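Report on one structure; see the data block that follows.
The values are calculated or read from the model by the stated rules, or taken from the named source; none is laboratory data. Values in this document were obtained by computation on a predicted structure and should not be read as measured data. Backbone-built Cβ (ideal geometry, glycine too); neighbour counts: all protein chains shown. When the accessible area is computed, the model is the full protein with side chains, heavy atoms only, and any ligands, DNA or RNA have been set aside. Shrake-Rupley method; radii C 1.70, N 1.55, O 1.52, S 1.80 Å.
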Amino acid sequence: MPMSNIASNVAAVRAAIAEAAREAGRRPEEIRLVAVTKGRTVEEIREALAAGITDLGENRVQEAMQKYPAIGKAATWHMIGTLQTNKVKHALQFADLIHSLDRLALAQELEKQASRLGRRVPVLVQVNVSGEATKHGIRPDELFRFLEAIAPLEHLEVQGLMTIAPIATDPEEVRPVFAALRELAEKVRAQGFPRVEMRWLSMGMSGDFVAAIREGANMVRIGTAIFGPRPAKESG
Ligand SMILES: *Cc1c(COP(=O)(O)O)cnc(C)c1O
């Protein structure tokens, strides 16, 4: 049987990840591949899982909640999109890792719901490295203050940083954005904050993951390179 498009795309993405990792003197296994499944059907997700995908990224709570019952714990689920405070309760029903902690009010709501559930919630802090007005995220010069502000929230476990680079025709142009996130993580590590571990650098998408890996990404979020162009209606 010929490989499906999704399976051959996953293989090609994995090969590109491995090559970028080796060039950067790192082991391919260090890079975690999150398949971004917004706008994709359960059928497509199943194909990706059959091709060896283990991690799924969704950017809308409602959409994720619709697919979650069909897939469940067969995958690790990542909430990568902007999270509204009133959706936190639902997000915690499926998300294993939230990449988009970008404001104090959200941290406080996560704390409240996590403490209600009696568990800790792993999160990444989203940083707006590029400073684009349309992008969410903590400003780099406010990251330390933010980490101090959330330090009393005992049910939050910060496991790293996430950023979204500006769209560029040449991904080399946005390498400084990725480098800046890595440097921020190093500073946070050196400073030391309670329950803050700089284990994951979530950066790099279909158009720029090679550049991101060269600059230290160990978690890449890839949609179109695996599933093809998103349906036109999709806006995120
Ligand atoms: C959609 C999305 C991605 C994946 O984008 P592609 O270009 O399709 O790879 C990654 N990260 C976030 C936050 C997204 O919303």
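Looking at the range 146-186, which of its residues are open to solvent by less than 40 Å² (accessible area, probe 1.4 Å) and among the small types (Gly, Ala, Ser)?
Listed by number, the residues that qualify are Ala151, Gly160, Ala165, Ala168, Ala179, Ala180, Ala185.
I need every pair where a residue in the range 32-51 that is in contact (Cβ under 8 Å) with a residue 12 or more places away in the chain and away from the ligand (no atom under 14 Å from the Cβ) has its Cβ under 7 Å from the Cβ of a residue that is of a type in the set (Lys, Arg) and not in a loop (DSSP other than H, G, I, E, B), sequence separation at least 6 or different chains.
Val42/Lys67; Ile45/Lys67
Any residue in the range 216-234 that is of a type outside the set (A, V, I, L, M, F, W, C), within 20 Å of Ala24 (Cα to Cα) and within 9 Å of the ligand (Cβ to nearest atom)?
Among the residues of the range 216-234, at least one is of a type outside the set (A, V, I, L, M, F, W, C), within 20 Å of Ala24 (Cα to Cα) and within 9 Å of the ligand (Cβ to nearest atom), which makes the answer yes.
For the range 191-211, check the following and say yes or no: at least one residue is crowded, with 24+ Cβ neighbours inside 10 Å, more than 19 Å from Glu23 (Cβ to Cβ), modelled with pLDDT of 95 or more and more than 15 Å from the chain's Cα centre (by Cα).
no
Does Gly39 satisfy being on the phi > 0 side of the Ramachandran plot and surrounded by fewer than 18 Cβ atoms within 10 Å (Cβ to Cβ)?
When the stated conditions are applied, Gly39 does not pass them.
Consider Leu106 carefully, then state whether it is within 16 Å of the ligand (Cβ to nearest atom), in a helix (DSSP H, G or I) and surrounded by 15 or more Cβ atoms within 10 Å (Cβ to Cβ).
yes
For the range 124-172: of the residues being among the acidic types (Asp, Glu) and at pLDDT 95 or above, which is nearest to the chain's Cα centre (by Cα)?
Glu157
For the range 43-63, indicate whether the set of residues that are open to solvent by 70 Å² or more (accessible area, probe 1.4 Å), under 17 Å from the mean Cα position of the chain (by Cα) and at pLDDT 95 or above is non-empty.
yes
When you look at Glu19, is it more than 25 Å from Asn5 (Cα to Cα), more than 17 Å from the chain's Cα centre (by Cα), of a type in the set (Asp, Glu) and surrounded by fewer than 21 Cβ atoms within 10 Å (Cβ to Cβ), yes or no?
no
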